[in-house]
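This report concerns only the one structure given below.
The values are calculated or read from the model by the stated rules, or taken from the named source; none is laboratory data. The model shown is predicted, which means the values in this text are computed figures rather than measured ones. Ideal geometry is used to build each Cβ from the backbone, glycine not excepted, and the neighbour counts take in all protein chains shown.
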Amino acid sequence: MIFSFFILVVMAGRTNSFHPQRFFVFLFFVLLILFSSHCAFRPSGNLNHYDSYFPHDSKTNPIPKGKVRATFLGTSSILLDDGETQILTDGFFSRPSLWKTAFSKIESDPKTVLSVIERAKINRLGAIFVCHSHYDHVMDAPLVAKLTKAKLFGSSSTLNVGTGAGLPTDQMQKFVTGKPIAIGKFTVTVLESKHTPPFRIFGKTNATDPNHPNIETPLVQPVKAFDYIEGGTFDFFIQHGKNKIFIKSSTNFVEGALDKLQADILFLGIAQLSLQPVLFQDEFYKQNVQTLKPKLMIPIHWDNFFKPLSEPLEPNLQLGDDFDANMKSILKRTEKEKIEVKLLQGFETIDLF
Ligand SMILES: [Zn+2]
């Protein structure tokens, strides 16, 4: 966009004399570029249109026995708490601005991370499970582990982010897919998944370089956002007593991978869903929602993570997503099957089961 603006300025500069027609064409394109850039940085949906999907609740009462309280902390950071033990996915709280992320190196912000830990009352955290090693999932996980003494679970890439942050080896454990891990009364099984199909913005792509699919050496912050390599993507199947929760952060699926599973609650990443072909959207729904048959589905990874968690969450920017169309894609299918859908604001809680 900036590049096209530059070309127009150069083209205009080449004219030796004033041509009203050329000037108006030039002005038209400048206005068009300014207008489209203005739109690109706007939220891709209005949450007021989804008001009935929000419980508008932040519970502070003791967690009833047998229930699990979930607190949404933006992107795919979810805190689960049964009153005795807490577990957390990702724990990405620093959320540097778009400007900073695009043009400088980024790192965990201890003050912000600590304020989220305090506000969300993360005070008996047993484990952190990182779904993949892009910065909007893994960046703060080692710091959260350090501040809470929780164990960090992840891929070898995630563990390299932990080592780079100085987290001791005995506070980290590499994923063994398919093998259940007990954390208090929670049992977590990590499953191999797939990242949202790659996209391209301003000529840059987030696709994994097949020659460098992992973070191979300890990653010491600050680094550029693109230094956080995916390192594989994982889902979490969480059992608590007879109840089952499934957390999928990325908008994709491994065909047949969930066929033998069922879940009561599904936290489902919907980022960029509607940007995919309809056939993909159908299969995504079938492989995840229709297979797991949840009673309740909670969309995640829908918020603009360039904005701080201390402010109300807004949908992803139009620059790379379409929240309204993503919700439409989901709701037209869940309504047909009478599956309840709820959205959660930042720090909003819901008692599951
Ligand atoms: Zn990612």
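In this structure, is Gly269 within 16 Å of the ligand (Cβ to nearest atom) and assigned by TED's automatic domain parsing to the domain that holds Phe305? Spell out the reasoning first.
Numbers: within 16 Å of the ligand (Cβ to nearest atom): yes; assigned by TED's automatic domain parsing to the domain that holds Phe305: yes.
Here the answer is yes, as Gly269 does meet what is asked.
Those residues that are under 30 Å from Thr187 (Cβ atoms), away from the ligand (no atom under 16 Å from the Cβ) and in contact with a strand residue (DSSP E or B) (Cβ under 9 Å, 6 or more places away or on another chain), I need them from the range 99-138; list them, please.
Scanning the range 99-138 gives Ile117, Ala120, Lys121, Ile122, Asn123, Arg124, Leu125, Gly126, Ala127, Ile128.
What residue, of Leu88, Leu79, Leu114, is crowded, with 17+ Cβ neighbours inside 10 Å, in the same structural domain as Leu296 (by TED's automatic domain parsing) and either assigned to a helix (DSSP H, G or I) or without any contact (Cβ under 8 Å) to a residue 60 or more places away in the chain (or both)?
On the way: Leu88 fails: either assigned to a helix (DSSP H, G or I) or without any contact (Cβ under 8 Å) to a residue 60 or more places away in the chain (or both); Leu114 fails: crowded, with 17+ Cβ neighbours inside 10 Å.
Every option except Leu79 fails the conditions.
Report yes if some residue within the range 221-230 is free of Cβ contacts under 8 Å to residues at least 60 places away in the same chain, among the polar types (S, T, N, Q) and either over 13 Å from Ser133 (Cα atoms) or away from the ligand (no atom under 16 Å from the Cβ) (or both); otherwise report no.
no
Considering only residues of the range 293-328 that are part of a helix (DSSP H, G or I) and surrounded by fewer than 21 Cβ atoms within 10 Å (Cβ to Cβ), which is farthest from the chain's Cα centre (by Cα)?
Of the residues in the range 293-328, the ones part of a helix (DSSP H, G or I) are 323-328.
Filter once more, so that each one left must be surrounded by fewer than 21 Cβ atoms within 10 Å (Cβ to Cβ): 324-325, 328.
Details: Asp324: 17, Ala325: 17, Lys328: 19 Å.
Once the filter is applied, the top-ranked residue is Lys328.
Within the range 236-249, track down each residue that is in contact with a helix residue (DSSP H, G or I) (Cβ under 9 Å, 6 or more places away or on another chain) and either of a type in the set (Gly, Ala, Ser) or within 22 Å of Asp303 (Cα to Cα) (or both).
Phe246, Lys248, Ser249
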